[in-house]
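Take a look at the structure below.
The values are calculated or read from the model by the stated rules, or taken from the named source; none is laboratory data. It should be emphasised that the depicted structure is a prediction, and the values quoted were computed from it without experimental measurement. Here the Cβ positions follow ideal geometry from the backbone for every residue, glycine too, while neighbour counts run over all protein chains shown.
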Amino acid sequence: MSEEVLALIADSKKFLESYRMYGKMISDGIAQLDGLEKLVREKAYGEAYKSCCAMCEQLSTYRGFVPRLADNLDKIKGLLEKIR
């Protein structure tokens, strides 16, 4: 299951890379995904779940603009909830 989470994180980072020109918010998002990836690789699933919840909250007002990212984060959150 963690491999699926890592694949979704990689897809999310790839998606955001094309928007990097939009500035700090995108760079911060990629950095948060890097942190989430590190937590998953370290098997700190409880912390990863909390981090993902915070990211979902931050993204809530932008969901319509980045539906792929929002869907990925929802999937990640669901998977982490099962394994934390």
Problem set entry | Residue identified as of a type outside the set (D, E, K, R), within 17 Å of L80 (Cβ to Cβ) and in contact with a Cys (Cβ under 8 Å, 6 or more places away or on another chain) among L36, L8 | L36
Problem set entry | Filter result for the condition that a residue is over 11 Å from the mean Cα position of the chain (by Cα) and not aliphatic (A, V, I, L, M), over Y62, Y49 | Y62
For this session: Find the residue count for the stretch 33-49, including only residues that are under 15 Å from A70 (Cα atoms) and surrounded by fewer than 17 Cβ atoms within 10 Å (Cβ to Cβ).
Result: 0
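Take S12 and decide whether it is within 13 Å of the chain's Cα centre (by Cα) and hydroxyl-bearing (S, T, Y).
For S12, the condition - within 13 Å of the chain's Cα centre (by Cα) and hydroxyl-bearing (S, T, Y) - is met.
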Exercise. Pairs under 8 Å by beta carbon, first residue aromatic (F, W, Y) in the stretch 29-48, partner surrounded by 14 or more Cβ atoms within 10 Å (Cβ to Cβ) and modelled with pLDDT of 95 or more, six or more apart or different chains?
Worked result: Y45/L39; Y45/L80
For this session: State all residues of the stretch 1-28 that are among the β-branched types (V, I, T) and without any contact (Cβ under 8 Å) to a residue 12 or more places away in the chain; if no residue qualifies, say none.
Result: I26
